[in-house]
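> Got a structure here, written out as structure tokens. Questions coming.
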Amino acid sequence: MTGPDFLDTNVLVYAYDVSNTNKRRAAREFLKNGISARFVISTQVLAEFAAAMLHKISPAASPDAVMEALDALAALRLIVPDHELVRRAIEARVSYGLHFYDGMIIAAAERAGCERIWSEDLNEGQQYFGVTVANPFH
């Protein structure tokens, strides 16, 4: 049996962002096809998703639309950061030269026992602590 897959923030943002039709279609198709997969996210992903939807995309999503999306994402397994996760993120920074918040994504995926992190931002094919990055848009 394979491990779960971790979803980075950008995959979720594209699934809801009406301004980028091609990536929205690709992200939704990816999520729909992977619905039987066991996706994992972290508290950080939820917070980044909400911030991006409210402040970074254009047009910005309404607060009600963001809360509705968050409700839909509540079905996913959620990794909550703690002292050890933050320490592991720092180790990821030291080991791989990553930004701290990318290290938090790596640490959360590792904690969840994920085999893959689906991300457009991290280096596709790179392994971090045994977790491989894949880009759902390639």
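> Would you please give the residues with an amide H less than 5 Å from that of Thr132, counting only those at least 5 places away or on a separate chain, with H modeled from the backbone geometry?
Arg116, Ile117
> Right, something else. Amide H of Ile79: which non-local residues (sequence gap of 5 or more, or other chain) have their own amide H closer than 5 Å, using H built in the peptide plane?
Ile41, Ser42, Thr43
> So, R0 is 41 Å and r is the distance between the beta-carbons of His55 and Thr2; what FRET efficiency does that work out to, to 0.05?
FRET efficiency, His55 to Thr2: 0.70.
> What's the FRET efficiency of Ala72 with Glu115 using the Cβ-Cβ distance as r and R₀ = 25 Å, to the nearest 0.05?
0.55
> Exposure proxy check: Met104, Met67 ranked by fewest other beta carbons within 10 Å?
Met67, Met104
> Here is a follow-up. Not counting the cut sites, what is the longest span of the chain without GluC sites (Glu not before Pro) that DSSP labels loop and that have at most 16 other Cβ atoms within 10 Å?
Of all site-free stretches, the longest is 1-114.
> Under a plain spin-label model, where a point goes 7 Å from the Cα along Cα-to-Cβ, how far apart in nm are His83 and Gln126?
Between His83 and Gln126, the label points sit 2.9 nm apart.
> If you take every DSSP beta bridge fully contained in the stretch 5-134, what fraction is antiparallel? Give it as a percent rounded to 5.
That works out to approximately 15 percent antiparallel.
> Assigning unit charges at the beta carbon (Lys, Arg +1; Asp, Glu -1) and nothing else, what dipole magnitude in debye, to the nearest 20, does the chain show about its Cα centre?
Here the chain has a charge dipole of around 180 debye.
> Whole-Hz Karplus ³J(HN,Hα) for the stretch 69-82, in order, using 6.51 cos²θ - 1.76 cosθ + 1.60 and θ = phi - 60°, x for Gly and Pro?
Residue by residue, the stretch 69-82 yields 5, 4, 4, 5, 6, 4, 6, 7, 5, 10, 9, 9, x, 9 Hz.
> Please rank Asp5, Asp121, fewest neighbouring Cβ atoms within 10 Å first, as an exposure proxy.
Neighbour counts put them in this order, fewest first: Asp121, Asp5.
> Hey, what do the phi angles of the stretch 44-58 turn into as Karplus ³J(HN,Hα) couplings, whole Hz, using 6.51/-1.76/1.60 and θ = phi - 60°, x for Gly and Pro?
4, 4, 4, 5, 5, 4, 4, 4, 5, 5, 7, 10, 10, 8, 9
> Per residue of the chain, what 222 nm ellipticity follows from adding -39500 (n - 2.57) for every DSSP H run with n ≥ 4, rounded to the nearest 500?
-15000 deg cm²/dmol
> Could you line up Phe39, Phe100, Phe49 from fewest to most neighbouring Cβ atoms inside 10 Å?
Phe100, Phe39, Phe49
Read-outs throughout are calculated quantities, based only on the coordinates presented, and are distinct from any laboratory measurement. All of these numbers come straight from a predicted model, not from anything done at the bench. Heads up, the Cβs are rebuilt from the backbone with ideal geometry, glycines too, and the neighbour counts pull from every protein chain shown.
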